[in-house]
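As structure tokens, the structure follows; a few thoughts come after it.
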Amino acid sequence: MSGVPQRTLLLWCPDWPVLAAEIVDGVPATDPVVVLHANRVIACSERARAEGIRRGLRRREAQGRCPHLTVVDHDPGRDVRAFEPVVAAVEEVVAGVEVIRPGACATAARGPSRYLGGEEAAAERIVEHVAQSCAVESQAGIADGVFAAGLAAREGRIVTPGGTREFLAARPVEALGRPALADLLRRLGVRTLGEFAALPAGDVLARFGFDGALAHRLAGGRDDRPLAVRQPPADLTVTADYDEPVDRVDAAAFAARMLAERLHERLAGYGLACTRLGIEAVTAHGQELHRVWRHDGLLTAAAIADRVRWQLDGWLSGSNGRGGTRPARPTAGIVRLRLVPDGVLAQAGLQPGLWGETGEERERAHRALSRVQGILGPEAVVTAVLGGGRSPADQVRLVPWGDERAPARPGPPPLPPAGAAPGAASASVVVPAGGGAGRRAGRGRAVAEPPWPGRIPPPSPAVVLPTPLPADVRDAAGEPVVVSARLAVSAAPARLTVGDGRPAEITGWAGPWPVDERWWAPAEARRRARFQVCLADGAALLLAVEGGMWLVEAIYD
């Protein structure tokens, strides 16, 4: 660690935990307020200090000095949330800000001092901007290194270049922020940072370890750690305002194309591409519309324009409230359109197909399905995703076209279903899983499948009924077949009657496969057993018996 410490400007907000409690929770900071952690005071308001309260006091002692004291528990998350607007305000004036802790942030002083007219002018400008933007009082300090700048900020002081060592020399060792080390140094007769810095570096390392050696460098003004500045996220959103409300589809298509090109150019400038697009619109009457589109590839400028046009067409061509399943049309034209790239990645971050692109046929199908989503909503087109579970209905999850195809339960089923997935609502289109609306992470790697006791063996049924059908199973003597609590079958199943239909002869059967789910929650517990049966007409069914009742759950192909 060698070199000259960087000239640093540090902004410090006094009593920040108290001020954060006022900003987030509404606790008046003008009252006597203390923030406690581990039953000790870690911050107090100016009014509380006037009552004799100091950091480190126990709660009982603090309340004894000030009976009308307001006590607030320490909440680091609250401090961070409240400090974020302050950091954002500093970034509006200077670039490259490092958050030291909630209530303190630092930046290199060279840049702001050059374009704001000097270090003093830069410090005053930042303090004034934070006060105007966030209504927060702060102090700024400038010195060589972050540590010295933090001490200078507590006095609102600018240390001259090269004078940091002299500035630190008279400070007590408690300024290091290491209570255990400061206590040991005082017992050894070392009371100031100058005395500590005068000790040989090798002896300090041997006696106090690496943390002591770091503190020794700080005491000597040799804080040459570079600032770990944060990079504010780029604003990729594009917005267009219209003086005349857009209420025609052709005008909306023109607006969509212009805005899509702007978004694509902005993304290309950062080397990014969009995979998930948010479309927001505001009407002349203040109605807000929002829809998110997803895509398993990179959205080009034409693809973005198509989706925006489809969505605007779907909104502007909605129903007028006189029936139908289409959403209601907005009561006024659109005056503001906003495109938000909700999901972005690097241009080279998506691998194309093994034999080139996805193909014109697949792209045409994707455009058609996306068009349906634009008119009827994202839930109108769904695709089946296979996962784990004990029953065929549990193993299939329906997700909107374009969404991530992640299973609802861990582990794939033993074999993929041979046919359709469970039935969806009548207004939905179910797309076979081969239609592919997204790539699954981890493809090609072995996935550890958790055990699913009671899962039926392969093959999987072709059709899973949305609602199981009641059935009646009898033996050769015409008596009902009963399954006992110990899973003993009273007799071999011989005839099956589904609903009000005619009895059918059972030529073969297998089972039972018992399932006892959520036995620890009586209100949600389910206990049932499944059977596979073959009928004389060649049909094969999956039956379940639950509570003494037989049900048809699925049909085999």
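Starting with the highest mean, order 301-314, 174-187 by the number of other Cβ atoms within 10 Å, averaged over the residues of each peptide.
Top of the packing list down: 301-314, 174-187.
Roughly what % antiparallel, to the nearest 5, for the DSSP beta bridges in the range 15-172?
That works out to approximately 65 percent antiparallel.
Please work out how much length the chain gains when fully extended from residue 546 to residue 534, using 0.36 nm per residue of separation minus the C-alpha to C-alpha distance, in nm with one decimal.
Once the chain is fully extended between residue 546 and residue 534, it gains 2.3 nm.
What does the highest-first list of 57-70, 136-149, 40-53 look like by mean Cβ count within 10 Å?
So the order, starting with the most tightly packed, is 136-149, 40-53, 57-70.
With an 8 Å Cα cut-off and a minimum separation of 6 or more residues, compute the relative contact order for the range 242-292 in percent.
24
Rounded to the nearest 20 Debye, what is the dipole magnitude of the range 60-140 about its Cα centre when Lys and Arg each give +1 and Asp and Glu each give -1 at the C-beta?
Magnitude of the dipole: close to 140 debye.
Which FRET efficiency value, to the nearest 0.05, do you get for residue 180 and residue 235 by plugging their Cβ-Cβ distance into 1/(1 + (r/R0)^6) with R0 = 56 Å?
0.80
How big, in percent, is the set of alpha carbon pairs in the range 462-557 lying more than 24 Å apart?
So the pairs more than 24 Å apart make up 18 percent of the total in the range 462-557.
With a Förster radius of 25 Å, plug the Cβ-Cβ distance of residue 31 and residue 135 into 1/(1 + (r/R0)^6) and report the FRET value to the nearest 0.05.
FRET efficiency, residue 31 to residue 135: 0.90.
Given labels modelled 7 Å from the Cα in the Cβ direction, how far is it in nm from residue 476 to residue 249?
Here the answer is 6.7 nm between the modelled labels.
To one decimal place, what orientation-averaged projected area in nm² is obtained for the convex hull of the Cα set of the range 120-180?
4.9
Run a plain Debye calculation on the range 201-278 (Cα atoms as equal point scatterers, no solvent) and give log10 I(q)/I(0) at q = 0.24 Å⁻¹, rounded to two decimals, same order as the q list.
-1.13
Can you work out the FRET efficiency for the pair residue 336 and residue 24, with r the C-beta to C-beta distance and R0 = 41 Å, to the nearest 0.05?
With R0 = 41 Å, the Cβ-Cβ based efficiency is 0.85.
Please list, in chain and number order, the residues 5+ apart from residue 103 or on another chain whose amide H is under 5 Å from its amide H, with Hs placed from the backbone.
none
Each reported figure results from applying straightforward, stated rules to the coordinates on display, with no laboratory input. Note that the coordinates shown come from a computational prediction; the quantities given were computed from them, not determined experimentally. All Cβ positions, even for glycine, are placed from backbone atoms using ideal geometry, and neighbour counts span all protein chains on display.
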